[in-house]
Amino acid sequence: MSNIERARSFIEAWENRDVDAIVEAAANDIVYHNIPMEPVIGKDALRAAAAPFLQMSERVVWETPHIAETADGAVLTERLDHFHLAGGKTISVRVMGVFEFDGDGKVSKWRDYFDLAEFQSQMPG
């Protein structure tokens, strides 16, 4: 499996709202950094960060118009992440993401760059 396929599989776990699959795809010491927020480190912290988004969403769709793998195996994504909430509300956020993988093919580092104000302005009261 290529790293692009691994990244697509990871994205699919988000779209399936499957927190167990998300955590399983991660290295034990994963560093997940939603820039500009503080990074979270480790599988338990990843679960704690992912679960609220998945619980508040009835449906998750991550459009990925561009995806590329660098010579060193990092996967770069340009995305539009949609979180469809109860009551018909949708939060959509433009994201540039970087996924790095360890020797076992697990996500070891994940950085997402996005506009926090754009995200917060769409959050329900």
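Computing semi-axes √(5λ) of the Cα gyration tensor in Å directly from the structure and comparing it against (1) 23, 16, 14; (2) 30, 18, 12; (3) 20, 17, 13 singles out (1).
Net length available on complete extension from ALA74 to GLU5 is 23.7 nm, with 0.36 nm assigned per residue and the Cα-Cα distance removed. Determine which residues of the range 31-53 fall in the zone a paramagnetic label at LEU85 would reach in this model, i.e. backbone nitrogen under 15 Å from the point 7 Å along Cα→Cβ. Backbone N within reach: 52-53.
With the charge dipole of the chain set up from +1 on Lys and Arg Cβ and -1 on Asp and Glu Cβ about the Cα centre, the Cα lying farthest toward the positive end among the listed residues VAL98, ALA49, VAL31 is that of ALA49.
Normalised by the number of residues in the chain, the mean separation of alpha-carbon contacts (under 8 Å, six or more apart) gives a relative contact order of 25 percent. Once the 1.4 Å probe is applied to the protein heavy atoms, the chain comes out at 54 Å² accessible per residue.
Using the Cβ-Cβ distance between ASP115 and GLU15 with R0 = 22 Å, the FRET efficiency computed as 1/(1 + (r/R0)^6) comes to roughly 0.50. The residues neighbouring ARG111, those whose beta-carbon lies less than 13 Å from its own, together hold a net charge of -1 under the Lys/Arg +1, Asp/Glu -1 convention.
All other residues whose Cβ lies under 10 angstrom from that of VAL75 are scored, Lys and Arg at +1 and Asp and Glu at -1, for a net of -1. Within the range 1-33, list the residues whose amide N lies under 14 Å from a label point set 7 Å along Cα→Cβ of ILE67. Under cut-off, by backbone N: 1-16. Dipole check for the chain: with +1 at the C-beta of Lys and Arg, -1 at the C-beta of Asp and Glu, and the Cα centre as origin, the magnitude is about 280 Debye. Leaving ligands, DNA and RNA out of it, report the carbon-plus-sulfur percent of the accessible area of the chain at a 1.4 Å probe. Summing carbon and sulfur atoms, their accessible area is 51 percent of the total for the chain.
The values are calculated or read from the model by the stated rules, or taken from the named source; none is laboratory data. Everything quoted here is computed from the prediction, not taken from an experiment. Heads up, the Cβs are rebuilt from the backbone with ideal geometry, glycines too, and the neighbour counts pull from every protein chain shown. Side chains included, ligands, DNA and RNA excluded: accessible areas come from the protein's heavy atoms. Shrake-Rupley method; radii C 1.70, N 1.55, O 1.52, S 1.80 Å.
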